[in-house]
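Report on the following structure.
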Amino acid sequence: KNAGKFSSPLFGDKPAEAPRRSMLRALPLLLALPRAASSLCVTPLRTSPKWIGAPLLRRAGTATLSIAELEQRERAGEIVAGVGEGRELPSLSGINTLPAPLQALTVVAISAAIGGLTVALAGPVFDAARGSGLWQLSRPTWPLLGFIYLAAGVAHFTEAEGFENITPPNGTWGFWYTPFSPRANVYWTGVVEIFGGAWMLFGAGAALAGIALPSSLGPVTSDAALTLFLLTVLVTPANLYALTHNAKFPLTVETPVIGHAVRLLFQPVLLAMFWEMAQPTLFDAKANLGLL
């Protein structure tokens, strides 16, 4: 009864020739796949022995440029290392010459180290220092960080091109993605920095002047600290991108690898300080959620 028919979940109960005709119709698509994939591939060959094993092909708009072509454009003065397309040139750290999986692993490892140092500082290190003369001297000055973030927030608008240059575009390290353009990311983080810095200075200034703020405002300085803590976490990839791709900020200044490393070492210090200042806000949140 079912002779001459072919039954499968894919084709159903059809004549035996049906799957063959379907495969023939799909053949052009199958043949086109390698060509499409090759346009996205990275060829691990370089003309310079120093960079053997590093990616050969880079995307520049709709064109695919080799490292040699980018270097030729740099010599011709068409691009500048660390700026725009010049960020795809081999960086001083050499990280952007690694295959994408190794780039991703490097970035994740550095991020984990920053997180680990933050936890160590905010926990046992600060606990050991708490109550000491140095602690009593320095702790009241921490809200002055608001000035730095306020100024940095304003610079996001006056030096937008520089900040955009250190903002990783989608696809960086093989996994990075945000729903916004680099310029949009520069602007919204600038707004948050201005708000967080100003709010922190407002709360600290009121306390210094002996002015009691309305309880409806909550712990102002602490709220600002938590805001800046979260913001600092979110903008850390920009500092990582500056290291991995030699992205310049300002656009005319090339920072050595040690400079980027020192900047990244300050990241857990800032995060731990903000976390310490944010304790009243975190305490209120736990109380409101019934976690105490």
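The values are calculated or read from the model by the stated rules, or taken from the named source; none is laboratory data. Source: prediction; values computed, not measured. Reconstructed Cβ throughout: ideal geometry from the backbone, glycine too, with neighbour counts over all protein chains shown. In case anyone asks, the SASA skips ligands and DNA or RNA and just uses the protein heavy atoms, side chains included. Shrake-Rupley method; radii C 1.70, N 1.55, O 1.52, S 1.80 Å.
Cβ separations smaller than 6 Å between residues 6+ apart or across chains give the following pairs from region 106-125 residues that are within 16 Å of Trp173 (Cβ to Cβ) to residues that are open to solvent by less than 40 Å² (accessible area, probe 1.4 Å) and part of a helix (DSSP H, G or I): Thr106/Ile95; Val107/Trp173; Val107/Leu240; Ile114/Gln267; Ile114/Pro268. If the condition is being open to solvent by less than 30 Å² (accessible area, probe 1.4 Å) and in a helix (DSSP H, G or I), then region 167-203 contributes Thr172, Trp173, Asn185, Val186, Thr189, Gly190, Glu193, Gly196, Gly197, Met200, Gly203. When the helices (runs of 4 or more DSSP H) confined to region 71-148 are screened for residues that are of a type in the set (Ser, Thr, Tyr) and open to solvent by less than 60 Å² (accessible area, probe 1.4 Å), those reaching at least 3 such residues are found at 100-120.
Give the residue that is nearest to Ala112 (Cα to Cα), with candidates limited to residues of region 208-233 that are hydrophobic (A, V, I, L, M, F, W, C) and in contact with a Ser or Thr (Cβ under 7 Å, 6 or more places away or on another chain). Quick ask: steps written out before the conclusion?
Here is the first cut: in region 208-233, the ones hydrophobic (A, V, I, L, M, F, W, C) are 208-209, 211-213, 217, 220, 224-226, 228-231, 233.
Filter once more, so that each one left must be in contact with a Ser or Thr (Cβ under 7 Å, 6 or more places away or on another chain): 226, 231.
Numbers: Leu226: 20, Leu231: 17 Å.
Only one residue tops the list, namely Leu231.
Taking the condition out of contact with any strand residue (DSSP E or B) (no Cβ under 9 Å at 6 or more places or on another chain), among the hydrophobic types (A, V, I, L, M, F, W, C) and within 14 Å of Ala238 (Cα to Cα), does Phe180 pass? It is false that Phe180 is out of contact with any strand residue (DSSP E or B) (no Cβ under 9 Å at 6 or more places or on another chain), among the hydrophobic types (A, V, I, L, M, F, W, C) and within 14 Å of Ala238 (Cα to Cα).
Quick one: how many residues across region 234-257 are among the hydrophobic types (A, V, I, L, M, F, W, C) and in contact with a His (Cβ under 9 Å, 6 or more places away or on another chain)?
Adding up the residues that qualify gives 3.
Just one of the listed residues (Ala68, Ala155, Ala100, Ala122) is touching a Gly at 6+ places or on another chain (Cβ under 7 Å) and small (Gly, Ala, Ser), namely Ala100. Among the residues of region 172-201, those identified as touching a residue at least 24 places away in the same chain (Cβ under 8 Å), hydrophobic (A, V, I, L, M, F, W, C) and farther than 10 Å from Leu150 by Cα are Trp173, Phe175, Trp176, Val186. Counting just the residues of region 149-166 that are open to solvent by 50 Å² or more (accessible area, probe 1.4 Å) and free of Cβ contacts under 8 Å to residues at least 40 places away in the same chain, which one comes out nearest to Val83 (Cα to Cα)? This residue is Glu164.
Residues in region 153-166 that are assigned to a loop (DSSP other than H, G, I, E, B) and over 14 Å from the mean Cα position of the chain (by Cα): Glu159 alone. Restricted to region 233-292, and to residues there that are modelled with pLDDT of 95 or more, over 20 Å from Glu85 (Cβ atoms) and polar (S, T, N, Q), the residue that is most open to solvent (accessible area, probe 1.4 Å) is Gln279. Quick check, is Ala206 hydrophobic (A, V, I, L, M, F, W, C) and open to solvent by 40 Å² or more (accessible area, probe 1.4 Å)? No.
When the criteria are applied in full, Ile148 fails the requirement of being of a type in the set (A, V, I, L, M, F, W, C), closer than 30 Å to Gly171 by Cα and at pLDDT 95 or above.
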